[in-house]
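These notes concern the structure reproduced below.
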Amino acid sequence: MHENKNDAQTSKVFYHPIEASIRWAGLLRYEQVILASASSPRNLPQSLDCPRWGELRLYTERIYDGILNGELPFGRDGITTRDTTLIDSPHLTVRHVDLKRWMHQHYPEQRPGFLFSRIERIAHPFITLEIGQAMLVERLAMKSALDQSKRRIRDLQEKHEALLKQSAVIPACAQCPISDRAEATYLNIIGGMLELMLGQSPSGKSYSSFKTQEAVVSALVAHHSGVMGIAERTLNGKFATARRRLHSATL
């Protein structure tokens, strides 16, 4: 992939510090205005009608800081020397390769286009402390959400297993034959309730509006049709058995 044409045009073999900081701040279109406003390479005005002026001043100070601390090689007109008398000279220069190496080592989060190709900026992204902390917080949040999801899955699995066990037990119990004693109890209750519904008080007043067993059966079928056991034939059979059981028990 080719480099961006504009970035390639801003690159040089060597730079005066102010030229490098101008490119670093992305202010090349203001270069002539900036150079005209500087009385010396290191004496920049506190303010200027130019965007990101504070950044440009900071980048200039960083470059001179690197030079003064022996981190960034410097020279005259592109020739590297150790002549400290050049520090305040307008002829002071830093080579492109030295500036790139210095920035990569001391300011790895900075990858301006005049020093680094587009491929280098994409292939080697820098993660700042703030970004790293944000990623860590996000990772912890995702881990917490994952743990909660795992717990919910375990709870659902346990409930599912319990339901499976319950579903296996219920049919088995439904098929268990009722004991003779329990059957006699149920029939006596049914027979007693039926006799009461069709019976009268000592004064001759009916306990209910039902006059016959058939009327009770018809009402049950009308109100609960479709329910297991609620069918005319079944009810008549059960009622007859219940009444006989009750009469035999009272004899």
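A few remarks follow.
- Beta carbons closer than 7 Å, at least 6 apart along the sequence or on distinct chains, pair a first residue in segment 214-243 that is under 15 Å from LEU194 (Cβ atoms) with a second that is among the polar types (S, T, N, Q) and modelled with pLDDT of 85 or more for VAL217/ASN236; PHE239/GLN213.
- Number of the condition not met by ILE189 [criteria: (1) of a type in the set (A, V, I, L, M, F, W, C); (2) modelled with pLDDT of 85 or more; (3) over 22 Å from ALA249 (Cα atoms)]: (3)
- Every test in (1) assigned to a helix (DSSP H, G or I); (2) at pLDDT below 85; (3) more than 60 Å from the chain's Cα centre (by Cα) is passed by GLU195 save one, and that test is (2).
The values are calculated or read from the model by the stated rules, or taken from the named source; none is laboratory data. Only a predicted model underlies this, so the values are computations on that prediction, with no experimental measurement involved. Positions of Cβ are generated from backbone atoms using ideal geometry, with glycine treated the same way; all protein chains shown enter the neighbour counts.
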